[in-house]
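The values are calculated or read from the model by the stated rules, or taken from the named source; none is laboratory data. All figures in this text were calculated on a predicted structure; none of them were measured in a lab. As a convention, Cβ positions derive from the backbone with ideal geometry for all residues, glycine included, and neighbour counts pool all protein chains shown. Just the protein is used for accessible areas: all its heavy atoms, side chains included, with ligands, DNA and RNA removed. Shrake-Rupley method; radii C 1.70, N 1.55, O 1.52, S 1.80 Å.
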Amino acid sequence: MALAFDEYGRPFIILREQESKSRLRGIDAQKANIAAGVAVSRILRTSLGPKGMDKMLQSPDGDITITNDGATILEQMDVDNQIGKLMVELSRSQDYEIGDGTTGVVVMAGALLEQAEKLLERGIHPIRVAEGFEISSRIAVDHLESIADKFNFTATDIEPLVQTCSTTLNSKIVNRCKRSLAEIAVKAVMAVADLERRDVNLDLIKVEGKVGGKLEDTELIYGILVDKDMSHPQMPKQIQDAHIAILTCPFEPPKPKTKHKVDIDTVEKFQTLRKQEQQYFDEMVQKCKDVGATLVICQWGFDDEANHLLMHRNLPAVRWVGGVELELIAIATGGRIVPRFQELTPEKLGKAGLVREKAFGTTKDRMLYIEHCANSRAVTIFIRGGNKMMIEETKRSIHDALCVARNLIRNNSIVYGGGAAEISCSIAVEAAADKYPGVEQYAIRAFADALDAVPMALAENSGLSPIETLSAVKAQQIKENNHCCGIDCNDTGTNDMREQNVFETLIGKQQQILLATQVVKMILKIDDVISPSEY
């Protein structure tokens with residue numbers, strides 16, 4: 001540790017408790033950091049692409065997650081190392097911004113770190129490497145812009161969107177019914193999209209899952225699905241043209257907020273008290289009937305007496321519905337949420353064409369479907385599957401597909417998948433390296449090599465020989481000047497990604513390159529690590 005001397009030559013210590021701290025400096029610190037980053041990216045490398053493997057993670061309390069979504073794997077992995085945490089943040093920010101490509105971005109960062117290590121060993125200064133990477137990332141992003149194709153779609157012709165979503169679902173567990181799931185995702189996004197403003201609010205799409213049935217039973221409901229049933233078993237199970245009162249007040253006699261005591265010493269007094277209570281209930285139920293409600297959805301519960309009365313007055317009711325679901329029901333049916341009975345008016349009722357209760361299998365599980373709503377801007381994707389893990393993974397896959405459809409509505413440029421875009425960028429960056437006379441050109445060439453890591457991993461995971469396949473595709477791209485040639489993972493016999501319909505969003509790819517470069521620059525700039533040593 002650093003010792004300093006005062007003017008009388010007496011030594012003093014700069015860092016407190018230095019014996020208990022470990023410190024890495026200079027090239028050692030960079031190598032340790034690079035090793036940590038590469039270790040994290042190696043884990044995800046095998047789960048890239050349509051033939052990628054899944055990871056099984058067990059949380060401390062024994063829950064098991066099986067997934068191949070990069071962001072989920074890293075979130076659940078509980079990484080200890082600081083640089084490892086940076087990689088987790090990296091995939092998380094890709095997930096928040098784009099929603100797809102969370103594995104690719106970490107693989108890309110890992111490849112850049114590996115290349116940077118080679119350059120550092122040759123004695124090139126880390127800042128020069130970082131600057132070279134920065135230059136190359138700009139070249140690559142501009143090049144992507146130039147090879148991107150525009151995808152034109154309309155509210156009726158959604159085929160291009162479906163194909164791009166299928167590419168996303170290709171690498172997931174659910175790829176056997178990717179076509180139907182992609183269609184569901186695109187229809188859901190189109191139902192809530194504002195095509196004028198090119199904006200999609202994904203909060204309006206609710207994804208529900210229920211164990212049982214098979215994946216093919218997954219359906220899109222133009223309306224809301226509530227995991228509740230009618231409060232009384234004898235209430236009608238199906239209501240046509242429902243007028244829905246959405247209440248956040250409990251169906252109970254009002255309780256005074258002050259402390260009080262009621263003395264009852266005769267039966268008569270008890271009777272009058274009970275009558276009074278019953279009258280309260282009567283008034284409440286009558287109030288709902290008077291405004292024309294044919295179904296009451298309540299955020300709180302109501303006791304048996306209220307339930308009994310509602311049953312006798314033919315007013316079906318649902319109790320204990322969550323706040324988020326209430327809001328979605330209000331959006332879908334065009335109703336208003338009513339906080340007090342006094343404020344109920346006919347204008348505040350929501351309208352739905354059909355409310356039905358559906359039972360599943362032999363269990364007692366029932367759910368309420370609220371369909372044909374006045375405002376079909378809120379939709380539900382209802383997933384079925386063999387077990388809980390399958391449903392969770394399908395939810396994650398659907399989320400990725402929804403994000404891709406949203407990105408395409410925001411910006412309808414696409415590039416070709418299967419590593420085609422990366423190989424094309426790699427060629428462009430390699431060609432541009434000659435224009436830079438300084439040390440940076442080493443870094444730029446290294447960046448071009450790192451871009452090949454994604455197609456290389458794709459080939460490796462698909463069981464092809466990585467180097468041969470990659471060089472063949474690269475040679476083909478250069479010879480034909482065709483930026484659609486990628487790795488043929490599914491063995492269809494053609495390298496042309498245009499024929500295979502493998503597309504990715506342009507903004508997703510650009511974001512991947514920019515984010516990976518930023519993180520690598522940050523890691524390269526660290527040259528001194530002081531950490532409390534383990535006891």
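List of remarks:
- Where a residue in segment 340-364 is open to solvent by 70 Å² or more (accessible area, probe 1.4 Å) and its partner, wherever it lies, is basic (Lys, Arg) and part of a loop (DSSP other than H, G, I, E, B), with Cβ under 8 Å and at least six apart: Glu347/Arg336
- Some residue of segment 36-45 being aliphatic (A, V, I, L, M) and within 21 Å of Glu393 (Cα to Cα): yes
- First in segment 493-512 and farther than 15 Å from Leu408 by Cβ and touching a residue at least 60 places away in the same chain (Cβ under 8 Å), second anywhere and aliphatic (A, V, I, L, M) and crowded, with 24+ Cβ neighbours inside 10 Å, Cβ under 7 Å, 6 or more apart: Met497/Ala420; Gln512/Val105; Gln512/Met108
- Enumeration of residues in segment 84-103 that are assigned to a helix (DSSP H, G or I) and open to solvent by 10 Å² or more (accessible area, probe 1.4 Å): Lys85, Leu86, Val88, Glu89, Arg92, Ser93, Asp95, Tyr96, Glu97, Thr103
- Verdict on Glu159 being without any contact (Cβ under 8 Å) to a residue 12 or more places away in the chain and either not aliphatic (A, V, I, L, M) or not assigned by the TED database to the domain that holds Asp69 (or both): yes
- Whether a residue is of a type in the set (A, V, I, L, M), in contact with a strand residue (DSSP E or B) (Cβ under 7 Å, 6 or more places away or on another chain) and surrounded by 16 or more Cβ atoms within 10 Å (Cβ to Cβ) was assessed, and Met456 does not pass this test.
Each row is one residue, and each column tells you yes or no for (1) more than 27 Å from Val502 (Cβ to Cβ); (2) part of a helix (DSSP H, G or I); (3) over 15 Å from the mean Cα position of the chain (by Cα).
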position: Val162; (1), (2), (3): no, yes, yes
position: Thr168; (1), (2), (3): no, yes, no
position: Arg176; (1), (2), (3): no, yes, yes
position: Val186; (1), (2), (3): no, yes, yes
position: Met190; (1), (2), (3): no, yes, yes
position: Asp203; (1), (2), (3): yes, yes, no
position: Lys206; (1), (2), (3): yes, no, no
position: Lys210; (1), (2), (3): yes, no, yes
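- Condition check for Ile331: open to solvent by 30 Å² or more (accessible area, probe 1.4 Å) and touching a helix residue (DSSP H, G or I) at 6+ places or on another chain (Cβ under 6 Å): no
- Enumeration of residues in segment 479-500 that are over 19 Å from Leu48 (Cβ atoms) and in contact with a helix residue (DSSP H, G or I) (Cβ under 6 Å, 6 or more places away or on another chain): His483, Cys484
- Check on Lys172, open to solvent by less than 40 Å² (accessible area, probe 1.4 Å), outside any helix (DSSP H, G or I) and modelled with pLDDT under 85: yes
- Selection over segment 125-148 of residues that are closer than 18 Å to Val404 by Cα and in contact with a Cys (Cβ under 9 Å, 6 or more places away or on another chain) gives a count of 1.
- Flag if Thr72 is open to solvent by less than 40 Å² (accessible area, probe 1.4 Å), touching an Asp or Glu at 6+ places or on another chain (Cβ under 9 Å), part of a helix (DSSP H, G or I) and among the β-branched types (Val, Ile, Thr): yes
- Only one of the listed residues (Ala472, Ala443) is more than 32 Å from the chain's Cα centre (by Cα), open to solvent by less than 10 Å² (accessible area, probe 1.4 Å), of a type outside the set (Ser, Thr, Tyr) and at negative phi. That residue is Ala443.
- Pairs with Cβ under 6 Å, 6+ apart, first in segment 30-56 and not assigned by the TED database to the domain that holds Pro126, second open to solvent by 20 Å² or more (accessible area, probe 1.4 Å): none
- Some residue of segment 267-288 being part of a loop (DSSP other than H, G, I, E, B) and open to solvent by less than 60 Å² (accessible area, probe 1.4 Å): no
- Ile467, sole failed condition from (1) under 28 Å from Asp400 (Cα atoms); (2) of a type in the set (Val, Ile, Thr); (3) surrounded by fewer than 16 Cβ atoms within 10 Å (Cβ to Cβ): (1)
- Listed conditions (1) at positive phi; (2) crowded, with 16+ Cβ neighbours inside 10 Å; (3) modelled with pLDDT of 85 or more are all met by Gly62, apart from (2).
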